[in-house]
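Undergrad: Structure in structure tokens, see below.
Where a number appears in this text, it was derived from the coordinates with a stated rule and is not lab data. Please read these numbers as outputs of a predicted model, since none were measured by experiment. Here the Cβ positions follow ideal geometry from the backbone for every residue, glycine too, while neighbour counts run over all protein chains shown.
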């Protein structure tokens, strides 16, 4: 890219919809309404927490 190239859609973090378990690599499906994860614990935990904080901040500000 050149110096005067603008990037209009910069990555601003994940949303809660992006962090849905069905998009995860370790998603094993649902059984009796519960999500079956193939990993020992959720590997997207940090991204989900960041998305929740971002969503909460967005709703508190009203923007």
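Undergrad: Per the Debye formula with a single identical scatterer at each Cα and no solvent contribution, what log10 I(q)/I(0) holds for the chain at q = 0.14, 0.18 Å⁻¹?
TA: -0.59, -0.78
Undergrad: Using Cα pairs under 8 angstrom and six or more residues apart, how large is the relative contact order of the chain, in percent?
TA: Numbers: 34 pairs, mean separation 20.9, N = 63.
Worked out over the chain, it gives 33 percent.
Undergrad: Between residue 15 and residue 49, what FRET efficiency comes out of the Förster formula 1/(1 + (r/R0)^6) with R0 = 22 Å and r the beta carbon distance, rounded to 0.05?
TA: Details: r = 13 Å, r/R0 = 0.59.
Efficiency for this residue pair is about 0.95.
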